[in-house]
Amino acid sequence: MKRDLSELKLLAPMATIVVMVVCALIGILWVWALQTDQAGRVREENLVRIGIEHLIKENTRRMAPTTFSEEAVKRLNAGDMDWIRTRFGEHYINTLNYDWSFITDASGVPIFAYGIKGETDPGQFETFRPHVEKLHNRIRALSTQDSHLRPLNDPSLSGQLATIDGRLYMVAGNPVRSPVTDFTEQSALPQPSIVIAATEITGLELKTLAQQYMLSSIHIVRPGQIIAPDDARAAFYDDQGRTIVELTWVPQRAGHALFMRAIGPVLLIAMGLGAVALYLLHETQKTARNLIASEARAKHMAMHDALTGLPNRSLFTDRLTQALERIRRQGGYVAVHCIGLDRFKDVNDTLGHTAGDELIRYSATKISGMIRAGDTLARLGGDEFVIVQTDTNPHSAAALSKRILESLSGNVLLESGQVYSSCSIGVTLLQDADIEAAEALRQADLALYRAKEQGRSQYAFFEVEMDATIKLRKLLEAGLREAILSESIEVVYQPQMDHFGRIIGVEALARWSHPERGPISPAYFIPLAEECGLMNELGALIMHRAMIDSKRWPGLKVAVNVSATQLRSSRFLSRISGLLASTGVQAQSIEIEITEGVLLNDDQNTQQTLRELRQMGFSIALDDFGTGYSSLSYLNRYPVDKIKIDRSFVANLGIDPDAEAVIRAIIRLAKALNLGILAEGVETRGQRNILRQAGCPLMQGYLFSRPVDADGIDELMFGQIEKAAITHGIVRMR
């Protein structure tokens with residue numbers, strides 16, 4: 001049995017390596033596929049742009065022979081309308097396939113207009129003028145310069161796109177000139193008339209363009225039209241950078257197709273690597289077992305901590321036993337001080353474990369300089385130190401704790417950066433020589449918990465009544481850890497409603513029921529998870545469940561609370577990216593809720609994390625707004641999309657006039673900053689009515705629904721759809 005367990009321990013790292021290699025290879029192929037698809041999309045966009053530019057140039061070239069003509073100049077000067085109607089009207093529409101043709105005189109006044117239905121009022125040109133004014137002026141200017149032939153020879157200067165009355169046109173223009181080659185003679189002529197012709201780009205032209213470049217159907221993007229994220233698009237702009245038209249089509253995905261064909265061989269290679277790894281493992285397992293056994297014996301025999309050089313737990317136990325033996329013979333007290341660094345995990349998460357190790361060594365050096373030669377300082381592991389203080393009394397023990405608190409409180413400059421250091425201390429005074437070392441350490445540990453509960457950066461002495469409180473806390477901590485491992489934390493959802501009673505989103509809320517103690521309030525177990533270092537795992541579990549459930553409600557935002565601990569974790573972004581990939585959920589369907597406490601420290605890492613979440617597609621909501629310490633500068637610096645009015649203000653609506661004034665001020669602030677706004681804790685119709693009158697568009701609270709499971713949201717959504725269907729039926733009957 002022991003041998004099987006040893007083989008499993010050796011197999012796990014090898015399997016992990018194989019899986020990592022396979023994942024890395026698949027990841028490389030996937031990135032290559034994405035890059036290939038992106039390059040293909042850019043190529044297609046360039047082809048579409050070239051194709052449209054070619055159409056514009058061809059559209060301009062068609063009119064050149066009719067305007068570069070001695071006869072055209074004479075006929076226009078003579079006012080021969082029959083000839084003009086035939087040449088620039090019927091010929092342009094029927095032969096050259098233009099939809100509109102206009103002629104403006106030397107002053108820019110339209111003198112002739114012809115459309116598909118025949119000759120029309122020249123004033124029709126005014127519909128086109130705002131869109132072709134710059135083209136018209138450019139042609140007139142060029143016709144008087146030494147480059148007088150360029151409008152003819154360079155169609156890029158004489159043609160453009162224009163959207164007129166919701167239709168897309170290619171507009172071409174040329175001056176009516178005789179083929180004069182002498183610039184002196186040309187410049188002496190009067191201002192020429194300008195011919196403007198327009199051809200509508202229809203689905204037929206776009207279909208021909210798509211077939212020419214072997215693309216899927218090309219469509220014009222209409223106002224308000226939603227384009228799929230994977231669709232290609234090409235936008236065309238006027239001289240001022242405004243969008244004239246945007247074209248879209250479904251791009252080819254050659255990289256994705258190749259990736260799907262390559263995945264099979266990759267998996268076969270992985271199986272081969274796994275077989276080789278198992279063979280090597282079988283050959284080396286005997287040596288590995290001996291090495292593991294030797295390492296275990298070395299750890300068991302070691303008496304000092306490798307990081308700090310301080311005594312470890314084994315040596316601490318021996319020194320405490322010796323001190324207790326002395327008080328058995330001589331009397332007096334022995335004090336055991338249990339020292340824990342405050343928020344040490346945050347240092348590891350933000351600056352890395354190297355910085356954490358450096359802070360441990362710094363703290364060990366500081367504490368060592370404050371104890372007597374006969375006392376013992378040991379490191380039990382992590383950020384926890386313990387002191388055996390001999391020949392002491394209550395006053396002396398308190399004095400030592402105060403000195404340590406003062407010495408370890410303040411900014412510490414590490415190689416990895418500056419951190420603020422502080423500690424909490426639990427002390428137990430021992431007068432009974434028969435107490436076990438483990439029990440003495442437990443009492444000091446209980447006192448340490450009390451010191452941290454009272455606000456950290458202080459010390460506390462052990463008292464008997466602490467036992468029951470800490471035992472309960474330990475029970476709940478173990479239960480919470482097991483609940484996270486077994487994924488027995490439940491996630492319920494509370495709907496978020498608009499003015500019309502429609503569900504526009506839900507907030508994900510964690511619920512936990514202890515096997516022995518029953519339901520535990522989130523107000524207790526969420527802070528417990530923070531203190532026990534379980535918040536990242538708990539948050540990932542809730543986020544994963546919320547992403548899975550969000551697929552049941554297309555179109556709804558699912559809001560998920562994220563703590564400061566999660567945001568400051570170096571693994572948070574990679575973890576949330578992995579959840580998106582594994583669930584197949586779009587980031588746009590998830591809203592990240594943060595509290596004002598997240599903004600309080602105003603650190604660069606948090607700002608950067610929030611910006612990257614926004615770039616990934618998540619929206620950001622500021623929860624419990626108005627109860628913390630945030631300011632307008634925070635709202636400007638941090639990428640926040642929505643603020644949520646805290647329930648404490650909503651609860652006082654109709655009772656405290658100041659509450660309504662505060663809410664109205666928050667709503668005006670949100671609108672001024674273009675932020676969404678939602679009121680929490682709406683429980684009465686009166687509160688809802690006041691919020692509506694104040695201009696709050698979204699609400700959440702027991703008035704609409706208590707938090708329910710995913711099936712409950714399904715029922716609410718079905719009821720909403722059924723109600724809408726009935727209403728629609730009534731409207732039709734009327």
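The values are calculated or read from the model by the stated rules, or taken from the named source; none is laboratory data. From a predicted model like this one, the values you see are computed outputs, not experimental measurements. As a convention, Cβ positions derive from the backbone with ideal geometry for all residues, glycine included, and neighbour counts pool all protein chains shown.
Comparison of ASP182, ASP146, ASP121 shows that the only residue that is at pLDDT 85 or above, out of contact with any Gly (no Cβ under 8 Å at 6 or more places or on another chain), more than 30 Å from GLY51 (Cβ to Cβ) and not β-branched (Val, Ile, Thr) is ASP121. Residues of the range 556-581 that are over 25 Å from ASP346 (Cα atoms) and free of Cβ contacts under 8 Å to residues at least 24 places away in the same chain: ALA581 alone.
Listed by position, the helices (runs of 4 or more DSSP H) inside the range 632-734 whose residues that are assigned by TED's automatic domain parsing to the domain that holds SER550 and modelled with pLDDT of 90 or more number at least 1 are 647-651, 657-672, 685-694, 710-733.
Collect the residues in the range 322-380 that are out of contact with any helix residue (DSSP H, G or I) (no Cβ under 7 Å at 6 or more places or on another chain), within 29 Å of ALA529 (Cβ to Cβ) and either of a type in the set (Asp, Glu) or assigned to a strand (DSSP E or B) (or both), keeping them in residue-number order. Hits for the range 322-380 are ASP342, ASP357, GLU358. If you go through the range 361-389 and keep only what is within 19 Å of SER314 (Cβ to Cβ) and either in contact (Cβ under 8 Å) with a residue 60 or more places away in the chain or under 37 Å from the mean Cα position of the chain (by Cα) (or both), you end up with THR376, LEU377, ALA378, ARG379, LEU380, GLY381, GLY382, GLU384, PHE385, VAL386, VAL388. Of everything in the range 416-442 that is assigned to a loop (DSSP other than H, G, I, E, B) and either surrounded by 13 or more Cβ atoms within 10 Å (Cβ to Cβ) or touching a helix residue (DSSP H, G or I) at 6+ places or on another chain (Cβ under 6 Å) (or both), the residue that is modelled with the lowest pLDDT is SER416.
The set of residues in the range 443-470 being in a helix (DSSP H, G or I) and farther than 23 Å from ASP383 by Cβ consists of ASP467, ALA468.
Scanning the range 29-40 turns up one or more residues that are part of a helix (DSSP H, G or I), at pLDDT below 80, more than 30 Å from ASP121 (Cα to Cα) and touching a Phe, Trp or Tyr at 6+ places or on another chain (Cβ under 8 Å). Here the range 443-468 is the region considered, the condition is being modelled with pLDDT of 90 or more and among the aromatic types (Phe, Trp, Tyr), and the residue that is surrounded by the most Cβ atoms within 10 Å (Cβ to Cβ) is TYR459. Scanning the range 73-97 for residues that are touching a strand residue (DSSP E or B) at 6+ places or on another chain (Cβ under 8 Å) and acidic (Asp, Glu) turns up just one, GLU90.
For the range 543-555, indicate whether the set of residues that are without any contact (Cβ under 8 Å) to a residue 24 or more places away in the chain and either part of a helix (DSSP H, G or I) or surrounded by 19 or more Cβ atoms within 10 Å (Cβ to Cβ) (or both) is non-empty. No, the conditions are met nowhere in the range 543-555. Would you be able to say whether some residue in the range 115-133 is in contact with a Ser or Thr (Cβ under 6 Å, 6 or more places away or on another chain) and surrounded by 14 or more Cβ atoms within 10 Å (Cβ to Cβ)? Checked against the condition, which is being in contact with a Ser or Thr (Cβ under 6 Å, 6 or more places away or on another chain) and surrounded by 14 or more Cβ atoms within 10 Å (Cβ to Cβ), the range 115-133 yields no hits at all. Within the range 560-579, the set of residues being among the polar types (S, T, N, Q) and crowded, with 20+ Cβ neighbours inside 10 Å comprises ASN561, SER563, THR565, GLN566, SER569. Residue under question is ALA508, and the condition is that it be at negative phi and in a helix (DSSP H, G or I); does it hold? Spelling it out, it is not the case that ALA508 is at negative phi and in a helix (DSSP H, G or I).
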